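What follows draws every value from the coordinates through simple rules; no lab data is involved. Because the structure is a prediction, the values reported are computed rather than measured. Reconstructed Cβ throughout: ideal geometry from the backbone, glycine too, with neighbour counts over all protein chains shown.
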Amino acid sequence: EDQTIYLGEIAELDANYSDDGLPNDELSQLLAFTIWQVTASPAGSTVTFVDLEAPRTQASFSHVGTYTLRFKANDGEKSGTDYLQVTVLEPVTAPGTLGFTATTASGAEGDTLTLTVGRSDGSDGAVSVAYDIVADSAVADDVDDGGTGLLEWADADDADQTIALTLVDDVLCEGTEVFTVVLREVTGGAELGGDTLTVTIARNDGAARTLEISVLDTVGSAMVSSAVMSQDAGIVYDEEVEAHSYDGLDPTLDTEVQLGPEAPTAGG
């Protein structure tokens, strides 16, 4: 039966024949034989048989292309032949798919996060992928990392690679922050799978309080605006308050500022 294999694979050859037992003399038995022969092959190619004279054997092929093999059996008086065609194809390479094994990660300031990038669906050849940190509400100074990097795999290596990111514990009063890590520039024929991972930095700078600002006019009517500010360990950040004119009110009029419950009141 004809076969199709990839270059580097072994072809299993199995020929069947029968002998009528005639002539049954010493000379005929001496002349009897079976043999495999190559009758057509690509230019410059070779075929290597494990046992050239065995009906059941194996063969390997040096080049891509089509080979015609002949099996011949002779009982000393009569002979028979049969042909087999073996098609040898270029080997199929599977460099695999590179991608994050998760889509999100989270931590607090001071934590070190380990992000995992996997190689699946093949490990043929050396491959690599670059990554970038993309700022969102979190900025570059919030992550102790070069901002970019390169992950590399050797041929036949399908072990996970990791990216270690340390979340900087700064003195700023901040809420929940977010940034992303993006994979790019895959090499070696690999494909890109999950290419984006979102990182959330949890709030760890104390609870928020409400700053109320009242602007009074000469007849006692008031306009109130409010903004959320933060206080941590008795330190108030961004505490500058600027008076503005609303609907023609004089910004030099009295202002009253109060920060959250039980905070002292300042008069202007």
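Numbers for the structure displayed
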read-out: Local electrostatic count, ALA156, Cβ distance below 11 Å [Lys/Arg +1, Asp/Glu -1]; value: -3
read-out: Rounded Å value of the spacing that divides the Cα centres of region 169-189 and region 68-134; value: 31 Å
